[in-house]
1. Any idea which of (1) without any contact (Cβ under 8 Å) to a residue 40 or more places away in the chain; (2) part of a loop (DSSP other than H, G, I, E, B); (3) not charged (D, E, K, R) is the one Val55 doesn't satisfy?
2. Consider region 58-112. How many of its residues are among the β-branched types (Val, Ile, Thr), assigned to a helix (DSSP H, G or I) and within 8 Å of the ligand (Cβ to nearest atom)?
3. Take the residues in region 159-203 that are charged (D, E, K, R) and within 8 Å of the ligand (Cβ to nearest atom); name whichever of them is nearest to Ala95 (Cα to Cα).
4. For region 34-57, indicate whether the set of residues that are closer than 20 Å to Phe140 by Cα and more than 8 Å from the ligand (Cβ to nearest atom) is non-empty.
5. With the requirement that a residue be among the aliphatic types (A, V, I, L, M) and surrounded by 15 or more Cβ atoms within 10 Å (Cβ to Cβ), what does region 70-96 give you?
6. Of the conditions (1) aromatic (Phe, Trp, Tyr); (2) assigned to a helix (DSSP H, G or I); (3) within 10 Å of the ligand (Cβ to nearest atom), Phe140 fails just one. Which one is it?
7. Which pairs turn up if I take residues in region 215-242 that are of a type in the set (D, E, K, R) and look for partners that are within 12 Å of the ligand (Cβ to nearest atom) and not in a strand (DSSP E or B) with beta carbon separation below 6 Å, at least 6 apart in sequence or on another chain?
8. How many of the residues in region 204-226 are touching a helix residue (DSSP H, G or I) at 6+ places or on another chain (Cβ under 6 Å), under 15 Å from Ala139 (Cβ atoms) and more than 8 Å from the ligand (Cβ to nearest atom)?
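Just so you know, all these numbers are worked out from the coordinates, no wet-lab data involved. The structure displayed is predicted, hence computed values, not measured ones. Neighbour counts are summed over all protein chains in view; Cβ atoms, including those assigned to glycine, are modelled from backbone coordinates with ideal geometry.
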Amino acid sequence: MAKTLLVTGGSRGIGAAVARHAAADGYDVALTYADDSAAARSVVDEIEAAGRRAVALRADVAREADVVAVFAALDDFFGAPDAVVLNAGITGSFARVDELDIAMLERVLAVNVTGAFLCAREAVRRMSTAHGGRGGAIAFVSSRAASLGSPGEYVHYAASKGAVNTLTIGLAKEVAREGVRVNAIAPGLIATEIHARAGRPERLGRIAAAVPMERAGTADEVAAAILWIVSPAASYVTGAILDVGGGR
Ligand code: NAP
């Protein structure tokens, strides 16, 4: 039986790269998306063309009913997943703390923090040997922003990723003896649409100069690290937060 991987926010950017890399590594892939069904469809088409099974599921990870429905659909399609990559995330708009709009803050925390908890809960219920599962690996997509703080840009987003790091550390210890490894990847500046969609298309070029490697990373470079950390090659790695930031 093929191994299976679920990636949230797999229609674009880092999540789409994870979906493609997973298929190349022999996984059947379930991916979720929020709005862009055409982008999700095109990733599914690519995976099927590569000879693997794929399914796209629409879900807002901040909504409990959506997350429960995604995992129920996954049960029907593939059974319990071997790997779950919790990647869906948003920055919200750029604002200092003294300019914060509370609706925007609540939305960022709902998607990035509540969404990560909801998806992790459903994943553990299927993977943990304490729940009759056969084990597996969970990878959160955090951010270097959690450590850098992102002053003047989005401290709210950085703080949401700090919560993801804490979730990684705590959950890893909670399920370590239940066959489930839990880690996070913390990307630095990565060339995806997230910057332009937050209204700052020039951000990539501006910040790249401050990266020791003097360039933004690619979604493929992040996906390669994620596929490694969920693979058996990382069998003794749990509770880790792996920076993929070009030295920044
Ligand atoms: P992206 O290109 O904007 O893609 C975001 C993906 O998440 C899309 O598939 C989107 O679906 C989905 N999504 C957005 N809101 C969602 C929601 N409420 N429920 C479910 N799915 C949702 O972003 P990216 O740059 O690849 O970022 C992916 C992850 O990496 C995020 O967690 C981000 O914080 C993190 N990260 C990114 C960078 C960077 O520089 N790019 C750096 C550090 C960390 P639709 O296509 O339907 O909109």
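1. (2)
2. At the first step, the residues of region 58-112 found to be among the β-branched types (Val, Ile, Thr) are 61, 67-68, 70, 84-85, 90-91, 97, 102, 108, 111.
Subset that is assigned to a helix (DSSP H, G or I): 67-68, 70, 97, 102, 108, 111.
So of that shortlist, the ones also within 8 Å of the ligand (Cβ to nearest atom) come out as 111.
Of the residues in region 58-112, 1 are among the β-branched types (Val, Ile, Thr), assigned to a helix (DSSP H, G or I) and within 8 Å of the ligand (Cβ to nearest atom).
3. For region 159-203, the residue satisfying everything is Arg197.
4. Checked against the condition, which is being closer than 20 Å to Phe140 by Cα and more than 8 Å from the ligand (Cβ to nearest atom), region 34-57 yields at least one hit.
5. Val70, Ala73, Leu74, Ala80, Ala83, Val84, Val85, Leu86, Ala88, Ile90, Ala95
6. With (1) aromatic (Phe, Trp, Tyr); (2) assigned to a helix (DSSP H, G or I); (3) within 10 Å of the ligand (Cβ to nearest atom) applied to Phe140, the lone miss is (2).
7. Arg215/Ala208; Asp220/Ala17
8. So the first thing to find is which residues in region 204-226 are touching a helix residue (DSSP H, G or I) at 6+ places or on another chain (Cβ under 6 Å), and the list is 204, 215-216, 219-220, 222-223, 226.
Restricting the remaining residues to those that are under 15 Å from Ala139 (Cβ atoms) gives 219, 222-223, 226.
Imposing the further condition that a residue be more than 8 Å from the ligand (Cβ to nearest atom) reduces the set to 223, 226.
Count: 2.
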